[in-house]
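Only one structure is covered here, and it is reproduced in the block below.
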Amino acid sequence: MQNRISSFPPIVDQESKILILGSVPGVKSLEKQEYYGHPQNKFWKIIFELFDENFNENYNEKIQILKKNKIALWDVIDTCERKGSLDSEIRNEESNDIETLLKTYSNIKTIFCNGGKSFKNLKKILDKNSEIPVYLLPSTSPLHTVSFERKLEDWKIIKTHL
């Protein structure tokens with residue numbers, strides 16, 4: 001197994017109302033030091049479409065679109081061992097402190113999980129008494145072979161929670 005990998009710091013501010021959680025960055029994202037850095041991952045394309053923005057590759061502008069739309073972004077896994085980018089290859093994982101983030105940023109009222117791994121992990125670490133609704137969205141990963149149109153349609157639920 002390769003060395004441990006670590007997630008990125010959260011993208012969040014006091015205006016955030018929605019938290020989108022992935023599992024942990026893949027190889028391309030780690031190389032670029034950007035959330036959803038794989039060129040075939042549809043995360044950013046979906047975000048731009050949802051908010052009627054013209055797509056561009058500038059990472060700082062991508063972050064600004066999230067912030068402008070009151071969306072925070074993080075991963076459920078802080079560190080783990082993983083060969084490649086598959087969630088199924090994740091071993092010896094340690095969770096990010098999602099509950100402290102939610103207490104610190106109390107404007108966050110809804111959580112959306114980008115794929116099944118983040119959803120399953122979040123359910124294990126989130127307080128059972130949490131009032132915050134959690135939704136499972138189809139993964140934006142190229143390995144999740146649902147069409148872009150289908151993913152976009154499912155992700156539109158985000159706009160109803162802003």
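Mind checking the full-extension length gain between N54 and N92? Use 0.36 nm per residue of separation minus the Cα-Cα distance, one decimal, nm. Write down the numbers at each step before the final one.
On the way: separation 38, 0.36 × 38 = 13.68 nm, distance 3.95 nm.
Net length gain for the segment: 9.7 nm.
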Checklist entry - Viscosity 0.890 mPa s, temperature 25 °C: Stokes-Einstein D of the chain from its Kirkwood Cα radius, in µm² per second? => result 154
Checklist entry - Among bridges DSSP assigns within segment 1-116, what percent are antiparallel (round to 5)? => result 45
Next on the checklist: Starting from the Kirkwood Rh over alpha-carbon pairs, what translational D in µm² s⁻¹ does segment 41-88 have by Stokes-Einstein at 37 °C and 0.692 mPa s?
Outcome noted: 260
Item to check | Measure of compaction for segment 55-111 (Cα Rg per 2.2 N^0.38 Å) | outcome: 1.43
Next on the checklist: Tell me the mean residue ellipticity at 222 nm calculated for the chain from its helices only (DSSP H runs of n ≥ 4, each -39500 (n - 2.57), averaged over every residue, nearest 500).
Outcome noted: -8000 deg cm²/dmol
Item to check | Alpha-carbon centroids, segment 42-109 and segment 131-162: separation in whole Å | outcome: 13
Item to check | Selection of GluC sites (Glu not before Pro), segment 33-70, meeting DSSP coil and at most 13 other Cβ within 10 Å | outcome: E57
Checklist entry - For segment 12-61, what size does the Cα cloud have along each of its three principal axes, sorted from largest down, in whole Å? => result 29, 25, 17
Checklist outcome for this item: Given the candidates L66, L50, G26, the one whose Cα lies deepest towards the positive end of the charge dipole of segment 9-94, counting +1 at each Lys or Arg C-beta and -1 at each Asp or Glu C-beta, is L50
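Evaluate 2.2 N^0.38 Å with N set to the residue count of segment 71-162, then give the Cα radius of gyration divided by it. Display every interim value, and only then the final one.
Details: Rg = 14.0 Å, N = 92, 2.2 N^0.38 = 12.3 Å.
That works out to 1.14 for segment 71-162.
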Next on the checklist: Can you give the longest run of the chain that contains no trypsin sites (Lys or Arg not before Pro) sitting in a DSSP loop with at most 11 other Cβ atoms inside 10 Å?
Outcome noted: 1-82
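Every read-out reported here was derived from the displayed coordinates using simple, explicitly stated rules and does not represent laboratory data. Fair warning: this is a prediction, and the values are worked out from it, not measured in the lab. No Cβ is skipped: glycine too gets one built from the backbone with ideal geometry, and neighbour counts run over all protein chains shown.
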